[in-house]
Amino acid sequence: MKTNNFWSILVMLVLSVTVMFFTSCSSDDDEDGNKDVNVQEVVGIWTCTASTDKVDGKSITGYMVGESITINEDGKFSSTASSIGNGTWVLNGNKISAKNTSGDTFNATLRISGSTMKWDGTSSQGVSFNYTWKKN
């Protein structure tokens, strides 16, 4: 009886360790936004397909939809959205920092998958934003 008990406990222990091992393994997809972004992935003309802005605790959905931004390799950008305007940008890992000609700054974490780019960030105007862009 003691031998059966021992083997039962051993089997349960092995199964538990196996389950913990497989559930703790991380994915290579970096869905949490920690993957470094390459400059070539960012450069191009992008059109906003979904947006949520939070201003003074209020959410505004769709404000940026249809607007576009052109991100150039020389560190400059231009946008059809007056709230973004034109200016310069810098990429560091998966973080982009930008400053427009009006002096407003924007900081965002980027996630890029194929022709889709997502921004989660804040501006010096007190706006937090989540934008989804599609590469043209």
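The values are calculated or read from the model by the stated rules, or taken from the named source; none is laboratory data. These figures come from a predicted structure and were not determined experimentally. Here the Cβ is made from the backbone with ideal geometry for all residues, glycine too, and neighbour counts use every protein chain on show. Please note that ligands, DNA and RNA were not included when accessible areas were found on the heavy atoms of the full protein model with its side chains. Shrake-Rupley method; radii C 1.70, N 1.55, O 1.52, S 1.80 Å.
Worth pointing out:
- Residue in segment 85-97 that is open to solvent by 30 Å² or more (accessible area, probe 1.4 Å) and assigned to a loop (DSSP other than H, G, I, E, B) present: no
- Residues that are open to solvent by less than 30 Å² (accessible area, probe 1.4 Å) and assigned to a loop (DSSP other than H, G, I, E, B) were ranked within segment 63-84; the one that is farthest from residue 119 (Cα to Cα) is 75.
- Residues in segment 43-62 that are in a strand (DSSP E or B) and without any contact (Cβ under 8 Å) to a residue 60 or more places away in the chain: 58, 59, 60, 61.
- Scanning segment 78-93 for residues that are over 19 Å from the mean Cα position of the chain (by Cα) and either farther than 15 Å from residue 103 by Cβ or modelled with pLDDT of 95 or more (or both) yields 78, 79, 80, 81, 85, 86, 87, 88.
- Scanning segment 48-59 for residues that are surrounded by fewer than 16 Cβ atoms within 10 Å (Cβ to Cβ) and either out of contact with any Ser or Thr (no Cβ under 7 Å at 6 or more places or on another chain) or acidic (Asp, Glu) (or both) yields 55, 56, 57, 58.
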